[in-house]
Every structure is written in C-alpha cells, then in structure tokens.
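In what follows, a structure is listed as structure tokens, so that the remarks can point back to it.
The values are calculated or read from the model by the stated rules, or taken from the named source; none is laboratory data. Keep in mind the model is a prediction, meaning the values are calculated, not measured. A quick note on method: Cβ atoms are made from the backbone with ideal geometry, for glycine too, and the neighbour counts reach across all protein chains shown.
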Amino acid sequence: MRSTFRILFYVNKQRAKDGCVPIYVRLTVNGKSTFVSSRLTIPLPLWDSAANKAAGKSIEAKRINVELDRIKAKLLHYYQRISDRDAYVTAERVKSAYLGMGEEYETLLEALDKFNRDFKQHVGVDRAQSTYRKYDNVRKRLAEFLSEKLHREDIPLKELTETFITDYDLYLRSEKGLTPSCVCIYTKPLKMIVTKAHNAGVIARNPFADYHPKKTTKERGYLIESELQALMNHKFTFDGYGKVRDMFVFSCFTGMAHADVKGLTQEMIQRSFDGDLWIVKKRQKTSTPFKIKLCGITKRIIARYKREVAGTNLVLPIPDIAYCNRVLKKIAAEVGIDKVITFHMARHTFATTNALAQGIRIEVVSRMLGHTNIKTTQIYAKVTDDMLAKGFDEMAGIYADKYSLAQ
C-alpha cells in the first residue's frame with residue numbers, strides 16, 4: 001500500500017526576532033509528523049499563512065519562494081528514493097535523509113555498482129574487460145528481477161532474506177532458461193558482495209550464507225591428436241582464419257588462456273637456465289606465476305607474426321576472444337572437426353592431449369597451467385582412449401608375468 005506524504009511550510013511567531021520569524025517544514029507520512037527547520041527567516045507581514053509561502057512579487061518574496069520550492073523538491077526526492085527502495089517509510093527517515101543524518105541504508109544495486117566501479121579500475125592491469133562486461137550483465141539481470149518480480153528499483157541490504165536469493169535462482173532457471181553454470185555466474189557475485197557487507201558490519205547476518213547453487217559437471221572438450229594435426233595442416237584461403245588458427249595452436253602448445261596470450265609482452269620471453277627461451281608470466285585471472293618453455297611450433301608462430309607486431313611490445317597480434325570464438329566455429333566446419341571449438345578448448349587440449357597423454361605427471365601439468373589447486377587440473381585433464389588402451393596393455397603384461405590359469 002502506497003504511503004501518503006505531505007509537506008507544509010509554516011512560521012513560528014514565538015521565535016520572532018527583529019520583526020522576522022523562522023520558517024519550518026512539517027513532514028507527514030501516513031498521519032505521523034515531524035518538523036525540520038528550513039533555516040530561512042521572513043518578515044512576518046510578508047508571510048501568507050493561507051498559501052504557506054511568501055506573499056507578493058517583491059525580490060525578497062521571490063527569493064524565499066525559490067528556496068522553499070528547492071527544499072520541497074529535495075524532500076520529495078528523498079521520500080521517493082526511500083519509498084522506491086524500501087518497503088518502510090517514515091517522516092523521521094525522510095527528515096534524516098534531508099539533513100544528511102541517521103543510518104545509511106546501502107542497497108544491493110548500490111553495493112554492486114560500487115564493486116563494478118572498483119573492478120573497472122583494474123581492467124587492463126590485472127583484470128580483463130570481458131570479466132567486467134560479465135559483472136555489468138549481472139547487474140542488469142538483477143535489476144530486471146527486482147523490477148519484474150518485486151516491482152522495486154532496488155532493495156536495502158538489511159531487507160535481504162534467504163528467500164531472495166532462492167527466488168532469484170528460480171527466476172534465472174525457469175523464466176530466463178539459464179543453465180546451472182550460468183546461474184552460478186549470476187548469483188556468485190551477489191553472494192560475495194553480501195558476505196563482504198556482513199563482514200564489514202553493514203548487516204548483522206548473512207542471509208545468503210547457506211545458499212549454494214546447484215552445479216552440473218560439464219564435460220570439458222579437447223582436440224585429439226588427429227584433429228589437432230588436421231587443423232594445423234589445413235590451408236585457409238582467408239588470412240584471418242589462419243591467424244586465429246595459429247593463435248589457437250599456440251595456446252594448444254603453451255596452455256595459455258586467451259587473456260594471457262593477449263597480455264604476452266616481449267620482456268616475458270626470457271632465456272632461462274637451460275639456454276632456451278621460456279615464457280615467464282603471471283596468470284591474469286589468478287596472478288599465479290607460471291613458466292612455459294617454447295617449443296619449435298610456438299617459436300615458429302611467434303616468428304610468423306614478428307613483422308605484424310613490430311613497433312609494439314606485444315608478442316602476438318591475437319584478435320579479441322569473441323571474434324576468435326566465432327571464427328573457430330567456422331574453422332571447425334571447414335576442417336571437418338565435428339566439435340564446437342572455443343578458444344578455451346586449446347587449454348584443455350594442452351592439458352589432456354599434449355601433456356597428460358604424453359606421460360607428463362599431473363603435478364607438473366598443474367604448474368604449467370598456473371593452477372592454484374591440482375583439483376582444477378583434474379577437471380581439465382581427461383583420460384583419452386589411447387591412455388586407457390595403454391593402461392590396459394601395461395596391466396595385461398603385468399598379469400601375464402604374475403598370474404597363470406590352470407589348463
């Protein structure tokens with residue numbers, strides 16, 4: 001139910017001084033009132049009690065009426081803001097907001113906006129533009145939910161409950177048709193922000209503490225040796241396709257994510273203890289250091305684009321991630337690979353086909369990928385059919401030496 005709000009200007013004759021009286025403002029919300037000083041005075045004969053403003057068209061009357069209109073507009077603004085944002089409005093809260101006093105009611109969208117502003121300052125330093133766009137989309141999706149389901153522009157952090165996040169989760173899954181992985185993307189930042197507010201003492205309890213989005217284990221795609229070789233041997237008529245292919249192959253043999261290839265600069269390629277060239281870098285996503293030794297294939301790719309990056313400090317002229325992913329789908333069709341290829345698949349291909357399938361221990365692969373937890377590497381790494389066959393062949397040899405079956 002919408003609350004009623006009234007503003008009334010009046011003078012206090014008992015506080016008259018030198019023929020002037022102070023002007024006060026009475027604020028009334030749902031029949032309950034409070035007053036606040038306008039910090040204006042007016043000659044008593046100039047005050048129109050019926051109209052609640054200065055009488056006449058004198059310069060003094062016009063000045064006072066302009067100030068009264070400004071005060072009224074400001075009070076209406078605070079009332080509307082509190083009314084739209086909260087389900088609870090009182091005359092005292094409007095007064096406190098007008099005076100810049102009282103409790104600050106930080107809202108969910110305000111907290112998310114602050115997070116996004118802070119994050120944006122790190123873009124290009126240790127954060128990617130694509131990640132910022134993701135958080136911006138999180139904000140837009142949350143605003144849609146507030147408007148469509150709660151009919152509100154925002155909600156104070158103190159009004160959040162356990163049902164808010166579960167209702168939002170259901171909204172994303174049922175009405176927006178998002179996958180469990182996408183739901184995690186849209187709810188994880190909210191949980192993080194509310195947890196920070198709780199830790200900072202802004203809210204007494206964390207209403208999202210027990211919320212854990214349901215996840216499904218997603219099969220990580222990768223290219224097998226024959227597919228990777230077919231991709232590397234294919235001759236493209238369009239140079240742009242060839243460039244994207246080369247960047248993808250570079251990642252297949254270094255395990256580097258797109259953001260890390262994009263941020264690869266000349267000083268990050270160093271001659272190491274063995275006299276060969278290594279990439280020494282920190283992962284943009286986690287700031288975890290990693291080292292990758294350049295092989296013949298990666299060296300040739302770098303040399304192929306040396307002229308194109310001349311005059312810059314970059315190593316490779318990699319296009320943006322969205323363009324790469326669009327082109328890779330077309331490349332897969334042209335080469336005859338029946339898989340939806342994304343740039344990130346190169347990282348999985350490195351881990352599975354070019355490392356673990358070649359006998360490299362998973363602890364070493366984890367370091368190569370710059371993972372902070374070996375469990376992450378286990379998600380990337382898959383046991384291929386060739387690895388299974390090799391394992392069974394080795395076991396068969398062991399069985400033959402150890403066991404015999406009676407005739």
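Here is how the numbers come out for the structure above:
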read-out: Qualifying residues in segment 142-154 (those that are in contact with a helix residue (DSSP H, G or I) (Cβ under 6 Å, 6 or more places away or on another chain) and over 16 Å from T166 (Cβ atoms)) - the one surrounded by the most Cβ atoms within 10 Å (Cβ to Cβ); value: D154
read-out: Single residue of E175, E219, E159 found to be out of contact with any strand residue (DSSP E or B) (no Cβ under 7 Å at 6 or more places or on another chain), at pLDDT below 90, more than 19 Å from D113 (Cβ to Cβ) and not assigned by TED's automatic domain parsing to the domain that holds A351; value: E219
read-out: Selection from segment 311-321 of residues that are part of a loop (DSSP other than H, G, I, E, B) and surrounded by 18 or more Cβ atoms within 10 Å (Cβ to Cβ); value: V315, L316, I318
read-out: In segment 149-170, the residues that are free of Cβ contacts under 8 Å to residues at least 40 places away in the same chain and over 19 Å from the mean Cα position of the chain (by Cα); value: K149, L150, H151, T163, D167, L170
read-out: Check on K281, under 20 Å from A355 (Cα atoms) and surrounded by fewer than 18 Cβ atoms within 10 Å (Cβ to Cβ); value: no
read-out: Residue in segment 126-140 that is under 25 Å from R283 (Cα atoms), basic (K, R), crowded, with 17+ Cβ neighbours inside 10 Å and under 15 Å from the mean Cα position of the chain (by Cα) present; value: yes
read-out: Enumeration of residues in segment 23-79 that are in contact with a Leu (Cβ under 9 Å, 6 or more places away or on another chain), hydroxyl-bearing (S, T, Y) and assigned to a helix (DSSP H, G or I); value: Y79
read-out: Filter result (exposed (fewer than 15 other Cβ atoms within 10 Å of the Cβ), touching a residue at least 12 places away in the same chain (Cβ under 8 Å) and not acidic (D, E)) within segment 205-231; value: A209, K214, K215, T216, K218, A230
read-out: Qualifying positions in segment 291-307 - part of a loop (DSSP other than H, G, I, E, B) and more than 34 Å from the chain's Cα centre (by Cα); value: C295, K306, R307
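Conditions tested, residue by residue: (1) assigned to a loop (DSSP other than H, G, I, E, B); (2) in contact with a strand residue (DSSP E or B) (Cβ under 8 Å, 6 or more places away or on another chain); (3) at positive phi.
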residue	(1), (2), (3)
M256	yes, yes, no
F273	yes, no, no
W278	no, yes, no
K281	no, yes, no
K285	yes, no, no
V309	yes, no, no
V327	no, no, no
H348	no, no, no
